[in-house]
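Before any comments, here is the structure.
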Amino acid sequence: MSRFDFTPYRRSTVGFDRLFDLLENQARLNSGDNYPPFNIERRGEDEYRITLAIAGFRPDDVDITAQQNLLVVQGKKRADAPSGEMLHVGIANRGFERRFELADYVRVDGADLADGLLTIDLVREVPDAMKPKKISVNGQPKLKAVTSEKGDDAADAA
C-alpha cells in the first residue's frame with residue numbers, strides 16, 4: 001500500500017492536525033478488511049445514510065454505538081450448528097466491527113435492518129450559536145440607498 005505524505009500540507013496549515021491524523025489512521029486501519037461492504041449516501045444538505053450489507057445477521061446480533069465524532073457498528077455472529085454436513089462454506093460467518101468518524105454536530109437519527117441491509121440515518125444539526133450571522137458595523141442598521149426627488153430637479157436645472 002502506498003502512503004500519502006501530508007508533510008507539505010502540515011507545514012502550510014494551522015489547526016488541521018486532527019484532520020491529517022484522521023486521514024492517516026483511516027488509511028492504516030482500513031487497508032485490508034473490507035467486510036462488511038458499505039455505502040455512504042448524501043440524502044440532503046444535512047442528511048446522510050450509511051448502508052451496510054450484513055446478510056444473516058439479526059437485529060439482536062448488531063450493536064450500534066454513537067460517541068462524540070465516532071460511530072461504531074459491531075456484529076456478533078451466533079454459533080448456529082448446521083443441520084447437515086457442509087460441502088462448501090461461502091457465506092461469511094464471522095463478526096465484524098466497522099468504525100465511522102463523524103463530523104461535529106452529526107447525530108444518529110435512526111437505524112433499520114431489512115433484507116440483509118443495515119441502514120443508519122445521520123443528521124447534522126449545527127447549534128444556533130455556531131451558525132453564521134450578519135454583524136452590523138458600529139451597531140448601526142444597514143443603510144439603504146436613498147433616492148431624492150430634489151436631486152433629480154437639481155440635475156434638470158443644470
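The values are calculated or read from the model by the stated rules, or taken from the named source; none is laboratory data. In this text, all values refer to a predicted model and were calculated from it rather than measured experimentally. Cβ atoms come from the backbone with ideal geometry, glycine included; neighbour counts cover every protein chain shown.
Summary table
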| quantity | calculated |
| --- | --- |
| Filter pass, Arg78 being outside the structural domain of Arg10 (by TED's automatic domain parsing), over 12 Å from the mean Cα position of the chain (by Cα) and either exposed (fewer than 13 other Cβ atoms within 10 Å of the Cβ) or hydroxyl-bearing (Ser, Thr, Tyr) (or both) | yes |
| Residue in region 23-33 that is assigned to a loop (DSSP other than H, G, I, E, B), among the charged types (D, E, K, R) and modelled with pLDDT of 85 or more present | no |
| Qualifying residue in region 60-73 (condition: assigned by TED's automatic domain parsing to the domain that holds Gly116, modelled with pLDDT of 80 or more and part of a helix (DSSP H, G or I)) | yes |
| Subset of region 101-152 that is loosely packed, with under 12 Cβ neighbours inside 10 Å and β-branched (Val, Ile, Thr) - its residue that is modelled with the lowest pLDDT | Val146 |
| Candidate set: region 44-67, residues that are free of Cβ contacts under 8 Å to residues at least 12 places away in the same chain and closer than 25 Å to Arg124 by Cα; chosen: the one surrounded by the fewest Cβ atoms within 10 Å (Cβ to Cβ) | Glu45 |
